[in-house]
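Enquirer: My questions will all concern the structure given below.
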Amino acid sequence: MRYQVEVEFHKDYVRVEGDKIFVGLKSRPERGEANVELIKKLAKYFGVRSSQVKIVSGWKSRTKIVEIESIEEKA
């Protein structure tokens, strides 16, 4: 499933509204640290492994497209 993700810094939350996800990150947007935190946070929220969460576009943007692969999709 693909989601549009809006990132806000210096916050700590995950809010899902339909196919949009709003995420607050504590990491700085330097050297990919915020993207790593985003992937881990979404994996934990959806109950999947980090390897099942992929940033499709927006690596250097606050607005991203993220794909979350569920166990059902693999079968």
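Values quoted throughout were computed directly from the atomic coordinates according to the rules given, and no laboratory measurement underlies them. Predicted, not measured: the structure shown is a model, and the values here were computed from it. We place every Cβ from the backbone using ideal geometry, glycine too, and count neighbours over all the protein chains shown.
Enquirer: Report, in degrees rounded to the nearest 10, the 0 to 90 angle that the Cα long axis of helix 33-46 makes with the longest principal axis of the chain.
Expert: For 33-46 against the chain, the angle is about 40 degrees.
Enquirer: So what is the relative contact order for the chain, in percent, with contacts set as C-alpha pairs under 8 Å and at least six apart? Don't skip to the answer; put the middle values down first.
Expert: Details: 128 pairs, mean separation 23.4, N = 75.
Answer for the chain is 31 percent.
Enquirer: Along the Cα-to-Cβ line of Trp59, 7 Å from the Cα, sits a label point; which residues in segment 24-48 have backbone N less than 17 Å from it?
Expert: 29-40
Enquirer: In debye, nearest 20: dipole of the chain around its Cα centre with unit charges on the Cβ of K, R (+) and D, E (-)? Walk me through the numbers on the way to the answer.
Expert: On the way: 16 positive and 12 negative charges, 51 e Å.
Result for the chain is approximately 240 debye, rounded to the nearest 20.
Enquirer: Could you calculate, for segment 2-74, the ratio of the Cα radius of gyration to the Kirkwood radius, expressed as Rg to Rh? Could you put the intermediate results ahead of the total?
Expert: Numbers: Rg = 11.3 Å, Rh = 12.1 Å.
Rounded to two decimals, Rg/Rh equals 0.93.
Enquirer: Looking at the chain, which trypsin sites (Lys or Arg not before Pro) are DSSP coil and have at most 14 other C-beta atoms within 10 Å of their C-beta?
Expert: Details: sites: Arg2, Lys11, Arg15, Lys20, Lys26, Arg31, Lys40, Lys41, Lys44, Arg49, Lys54, Lys60, Arg62, Lys64, Lys74; in loops: Lys11, Lys26, Arg31, Arg49, Lys60, Arg62.
For trypsin sites (Lys or Arg not before Pro) across the chain that sit outside H, G, I, E and B with at most 14 neighbouring Cβ atoms in 10 Å, the list reads Lys11, Lys26, Arg31, Arg49, Lys60, Arg62.
Enquirer: Please identify which residues in segment 33-57 have an amide N closer than 20 Å to a label point set 7 Å out from the Cα of Glu8, following the Cα→Cβ vector.
Expert: Under 20 Å, as judged by backbone N against the label point of Glu8, lie 34-43, 45-46 of segment 33-57.
Enquirer: Lysines near Lys40 by alpha-carbon distance under 16 Å, same-chain residues fewer than 8 away left out - which ones?
Expert: Lys11, Lys26, Lys54, Lys64
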